[in-house]
Amino acid sequence: GPIVVKDLAEQLGAKATDLIKRLIALGVMVGVNNELDKETAVIVATEMGAQVEERASVEEREEILLQGDEDREHELQERPPVVTVMGHVDHGKTSLLDKIRSTRVTASEAGGITQHIGASVIDWNGRSIVFLDTPGHEAFTAMRARGAQVTDVAVLVVAANDGVMPQTIEAINHAKAANVPIVVAINKIDLPDVNPERVRTELTEHGLVAEEWGGDTMMVPVSAHTGEGLDKLLESILLQADIMELKANPNRAASGTIIEAQLDRGRGPVATVLVSRGTLRVGDVFLSGSVYGRVRALINDRGERVKEVGPSMPVEVLGFNQLPEAGDDFVILEDERQAKSIADARASRSRQSSESGSRGVSLDEFYQRLKDEAMQDLNLVLKADVHGSAEALAQSLAKLSNDEARVRVLHIGVGSVTESDVMLAQASGAIIIGFGVSIESKARQLAEREHVDVRQYRIIYEVLDDVKQALTGMLTPKF
Ligand code: GDP
């Protein structure tokens, strides 16, 4: 007999929107609640079903193979924290990183060369901290947008003479959206007439309350110029790491993330891997995205060749025959044939998906997802022409939350929609609402490529209407 579109989608384990798109391609115009005759259902089910099943099984098998066994509690050991430095331009991110890196060079090593591999290991009081070398929330969120979260702790640099600025707020919101805890470095305290208290007060307005004031954010006054307070900062980072109980099993095949990749003139493709668990060794067979190979050499951040590295450690890997991409996963496998077959399958899948492509969320699809899973967050990034209207809009939107769906505003900003907004939206499955603002052309391109829904409005009630309708399944889909 006839079958309702949404039921068929459920039986196929497909999204109703995908099924509807497929039906439209077949010339059948229907909505989720319409009935299909048997013939049409069979045709579309065969087309979709075969595809759905094939994909699921290949990807599931791959997943199981690549994940390996779960680690048991007693196998886990403490691992160093991985840190990203963020903050407003000119507040001293680069200077702070440089100063921290220079302190690790002990007298005997003086003159030792620092190799740029994308991350640096700082040894301090017998423990290690890993700093990612590219500061800024843009780099941080770009990695997340590719599905990788390598940062454990964000150090937010705020210049004491300047205070909280727009990119300070962006950084806070990007870190929060990723659930990464923040340690604040109040920088430039060597300048005359600066007042760290003012920075603490301003940060409170953005939800970061200093420990001294009964909150849970560590805030350390520092100077990247004189080095004052840096010990305390490193100590605070380690304290934060202790709270998080960062652990990994070093006694297993390694896996991690590519944090940098480049074509080196002499050595060909090289990439830095940040090991997340296990121990990576020379000779291991690896798979990264759709690239595979064997580890020929490992070089640490001090330019030394090493035989193996453990969890949280960054290391340059030689042995790639193609360039992997930053943000890709990196996994060690038992045998090269297996690595090759998964690499090939991934390559053909990525060709397919870049043709059909659908990664971001759209407001049109939101209700569909809401029905598929229980409680959902509708994540929003808000950009408005003036601060007042952004705040008012955010408050009104938050009030639209109901029992099934919660409106969560990840970031409110003033000015046009930027690439950084699009990346945040993509990494967090958010929709961008531009209120009386334009979209930068690069941001538009990125949004189109990554299927991030950017909506522009000039009238408040239209925003509220659309969001309300998306929350209740009333939004008329635009295909
Ligand atoms: P970034 O844009 O956040 O990476 O900031 P930079 O590290 O490039 O620093 C911006 C400017 O602030 C430079 O002129 C630095 O010399 C200066 N600066 C950075 N840290 C300090 C500090 O602790 N004290 C003083 N007085 N100046 C600093």
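In the set 266, 214, 207, only one residue is out of contact with any His (no Cβ under 7 Å at 6 or more places or on another chain), touching a residue at least 12 places away in the same chain (Cβ under 8 Å) and loosely packed, with under 15 Cβ neighbours inside 10 Å; that residue is 207.
The requirement of being in a strand (DSSP E or B) and within 16 Å of the ligand (Cβ to nearest atom) is not satisfied by residue 164. Among the residues of region 327-345, those identified as within 22 Å of the chain's Cα centre (by Cα) and surrounded by fewer than 20 Cβ atoms within 10 Å (Cβ to Cβ) are 327, 329.
Just for region 397-433: of the residues that are touching a residue at least 60 places away in the same chain (Cβ under 8 Å) and of a type in the set (Asp, Glu), which one is least open to solvent (accessible area, probe 1.4 Å)? Going through the qualifying residues, I end up with 419.
The set of residues in region 241-254 being of a type outside the set (Gly, Ala, Ser) and assigned to a loop (DSSP other than H, G, I, E, B) consists of 245, 246, 249, 250, 251, 252. Among the residues of region 123-157, those that are outside any loop (DSSP other than H, G, I, E, B) and polar (S, T, N, Q) comprise 128, 141. Of everything listed in (1) away from the ligand (no atom under 14 Å from the Cβ); (2) closer than 23 Å to residue 312 by Cβ, the single unmet condition for residue 264 is (2).
Of the helices (runs of 4 or more DSSP H) that lie entirely inside region 1-115, those containing 1 or more residues that are modelled with pLDDT of 85 or more and under 30 Å from residue 298 (Cβ atoms) span 93-103.
Residues that are free of Cβ contacts under 8 Å to residues at least 24 places away in the same chain and assigned to a loop (DSSP other than H, G, I, E, B) within region 439-473 comprise 458, 459, listed in sequence order.
Only residues that are within 12 Å of the ligand (Cβ to nearest atom) and not in a helix (DSSP H, G or I) were counted in region 167-192, giving 8.
Cβ separations smaller than 7 Å between residues 6+ apart or across chains give the following pairs from region 301-325 residues that are touching a residue at least 24 places away in the same chain (Cβ under 8 Å) and small (Gly, Ala, Ser) to residues that are assigned to a loop (DSSP other than H, G, I, E, B) and surrounded by fewer than 16 Cβ atoms within 10 Å (Cβ to Cβ): 303/113; 303/115; 319/296. Summed over region 296-308, residues that are open to solvent by less than 20 Å² (accessible area, probe 1.4 Å) and either of a type in the set (A, V, I, L, M, F, W, C) or closer than 12 Å to residue 280 by Cα (or both) total 3.
Exactly one condition in (1) of a type in the set (A, V, I, L, M, F, W, C); (2) modelled with pLDDT under 95; (3) closer than 22 Å to residue 232 by Cα is false for residue 145; which is it? For residue 145, the exception is condition (3). Residue count for region 255-287 satisfying the condition of being outside any strand (DSSP E or B) and modelled with pLDDT under 95: 3.
Cβ-Cβ contacts under 8 Å between residues 6 or more apart (or on different chains), taken from a first residue in region 379-393 that is under 14 Å from residue 169 (Cβ atoms) to a second residue that is open to solvent by 50 Å² or more (accessible area, probe 1.4 Å), are listed as 383/414; 384/414; 387/414; 390/414.
The values are calculated or read from the model by the stated rules, or taken from the named source; none is laboratory data. Since this is a predicted model, take the numbers as computed values, not measurements. With ideal geometry, Cβ positions are generated from the backbone for all residues, glycine too; neighbour counts draw on all protein chains shown. Ligands, DNA and RNA are excluded from the accessible area calculation, which covers all protein heavy atoms including side chains. Shrake-Rupley method; radii C 1.70, N 1.55, O 1.52, S 1.80 Å.
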